[in-house]
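Here's the structure we're looking at; comments come further down.
The values are calculated or read from the model by the stated rules, or taken from the named source; none is laboratory data. It should be emphasised that the depicted structure is a prediction, and the values quoted were computed from it without experimental measurement. Here Cβ is always computed from backbone atoms with ideal geometry, including for glycine, and neighbour counts include all displayed protein chains. In case anyone asks, the SASA skips ligands and DNA or RNA and just uses the protein heavy atoms, side chains included. Shrake-Rupley method; radii C 1.70, N 1.55, O 1.52, S 1.80 Å.
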Amino acid sequence: VIVDAQTQLLEAAVAAGVRRFIPSDFAIDFYKMPDGGNRNLDLRREFGARLDAAPISATSVLNGMFADLLTGQAPFIVSRIRRVVYWEDADQPMDFTTIEDTAAYTAAAALDRLTPRFLRIAGDVVTARDLADIASSVFGKRFKLLRAGNLGRFEKVIRLTRTLSPGTTDVYPPWQGMQYMRDMFDGRAKLEPLDNARYPDLRWTTVRDILRATAQAA
């Protein structure tokens, strides 16, 4: 999908005389990361090279991680044991943006005729320590930090998980999510500078908003 399907869309857009292409690059700043460390981000860079070589303008919207995953499959907040899991550094800032906010911003960018090659946004920027404080405040019970290890140890866990995984062609196997989490705690893919203020009418959903909605639903 990332390379083959998007290439078909790109070729069709060029043939139709479309002015600009917005790729599905919604992620951390993968252009700051080395090759070979994250499969899906490697594929996004591969398609990016094709896009930059095509006779069409392009704008990528980078949003960090979809904040919606904090109350789902992303293993940052473990409510059952009231822990916030982190690797290496509990004070590493990380970018989180909801799917809805990312979509609204992308729609605004699509109507903007003067967008640059990259736009960087974050509905909220928090650390693991912040997540523990916010969760404690929202749920009324203390959430503690749980250091799983350093990034070197995390890399070993990822390699072992990938070796033992039966489906290496899945879009999001467990080890791919681990690679993404590792890169967020690495810090190099942090989005800077942020372009949130480009469309001042937009309103941003914070991590506190997301956790509060979860608490109210429960």
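I'm trying to understand the selection: among the residues of region 78-109, which are of a type in the set (A, V, I, L, M, F, W, C) and open to solvent by less than 20 Å² (accessible area, probe 1.4 Å)?
Here is the first cut: in region 78-109, the ones of a type in the set (A, V, I, L, M, F, W, C) are 78, 81, 84-85, 87, 90, 94, 96, 99, 103-104, 107-109.
Those that are of a type in the set (A, V, I, L, M, F, W, C) and open to solvent by less than 20 Å² (accessible area, probe 1.4 Å): V84, A90, M94, F96, A109.
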Residues of region 115-138 being acidic (D, E) and either within 10 Å of V84 (Cα to Cα) or more than 13 Å from the chain's Cα centre (by Cα) (or both), in sequence order, are D130, D133
Checking K32 against (1) of a type in the set (D, E, K, R); (2) closer than 18 Å to Q176 by Cβ; (3) under 18 Å from the mean Cα position of the chain (by Cα), which test does it fail?
-> (2)
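Residue-wise test of (1) within 21 Å of Y172 (Cβ to Cβ); (2) open to solvent by 30 Å² or more (accessible area, probe 1.4 Å); (3) free of Cβ contacts under 8 Å to residues at least 40 places away in the same chain.
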residue	(1), (2), (3)
V3	yes, no, no
Q6	yes, no, no
A12	no, yes, yes
R20	no, yes, no
D29	yes, no, no
R50	no, yes, no
A54	no, no, no
T59	no, no, no
L62	yes, no, no
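Within the group A90, A104, A108, which residue is small (G, A, S), at negative phi, in contact with a helix residue (DSSP H, G or I) (Cβ under 7 Å, 6 or more places away or on another chain) and touching a residue at least 12 places away in the same chain (Cβ under 8 Å)? Spell out how you get there, then give the answer.
Values: A104 fails: in contact with a helix residue (DSSP H, G or I) (Cβ under 7 Å, 6 or more places away or on another chain); A108 fails: in contact with a helix residue (DSSP H, G or I) (Cβ under 7 Å, 6 or more places away or on another chain).
That would be A90, the only listed residue that is small (G, A, S), at negative phi, in contact with a helix residue (DSSP H, G or I) (Cβ under 7 Å, 6 or more places away or on another chain) and touching a residue at least 12 places away in the same chain (Cβ under 8 Å).
What do you reckon, is L160 free of Cβ contacts under 8 Å to residues at least 60 places away in the same chain and either more than 26 Å from I134 (Cα to Cα) or not in a helix (DSSP H, G or I) (or both)? Write out each step before concluding.
Numbers: free of Cβ contacts under 8 Å to residues at least 60 places away in the same chain: yes; either more than 26 Å from I134 (Cα to Cα) or not in a helix (DSSP H, G or I) (or both): yes.
Yes.
Among the candidates A104, A135, single out the residue that is within 21 Å of D25 (Cβ to Cβ) and either hydroxyl-bearing (S, T, Y) or in a helix (DSSP H, G or I) (or both). Working first, answer last.
Numbers: A135 fails: within 21 Å of D25 (Cβ to Cβ).
Going through A104, A135 in turn, the sole match is A104.
Going through region 139-157 one residue at a time, which ones are over 26 Å from R82 (Cβ atoms) and either among the aliphatic types (A, V, I, L, M) or open to solvent by 70 Å² or more (accessible area, probe 1.4 Å) (or both)?
Answer for region 139-157, where residues must be over 26 Å from R82 (Cβ atoms) and either among the aliphatic types (A, V, I, L, M) or open to solvent by 70 Å² or more (accessible area, probe 1.4 Å) (or both): just K156.
Any chance you could count how many residues in region 163-193 are in a helix (DSSP H, G or I) and not basic (K, R)? Write out each step before concluding.
Of the residues in region 163-193, the ones in a helix (DSSP H, G or I) are 163-164, 174-186.
Subset that is not basic (K, R): 163-164, 174-181, 183-186.
Looking only at that region, the number is 14.
Could you tell me whether A122 is small (G, A, S) and part of a loop (DSSP other than H, G, I, E, B)? Break it down into steps so the answer makes sense when it comes.
Details: small (G, A, S): yes; part of a loop (DSSP other than H, G, I, E, B): yes.
Against the criterion (small (G, A, S) and part of a loop (DSSP other than H, G, I, E, B)), A122 qualifies.
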Selection count, region 32-48, where residues are in a helix (DSSP H, G or I) and touching a residue at least 40 places away in the same chain (Cβ under 8 Å) | 8
Just checking, how many residues over region 167-217 are of a type in the set (V, I, T), open to solvent by 30 Å² or more (accessible area, probe 1.4 Å) and touching a residue at least 12 places away in the same chain (Cβ under 8 Å)?
-> 4
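Could you list, in sequence order, all residues of region 90-100 that are assigned to a helix (DSSP H, G or I) and more than 13 Å from the chain's Cα centre (by Cα)? Talk me through it step by step, then tell me what you get.
Within region 90-100, the first condition is being assigned to a helix (DSSP H, G or I), and the residues that meet it are 99-100.
Across region 90-100, the qualifying residue is only E100.
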Only one of (1) surrounded by fewer than 21 Cβ atoms within 10 Å (Cβ to Cβ); (2) at pLDDT below 95; (3) of a type outside the set (D, E) is not met by N38, so which one is it?
-> (1)
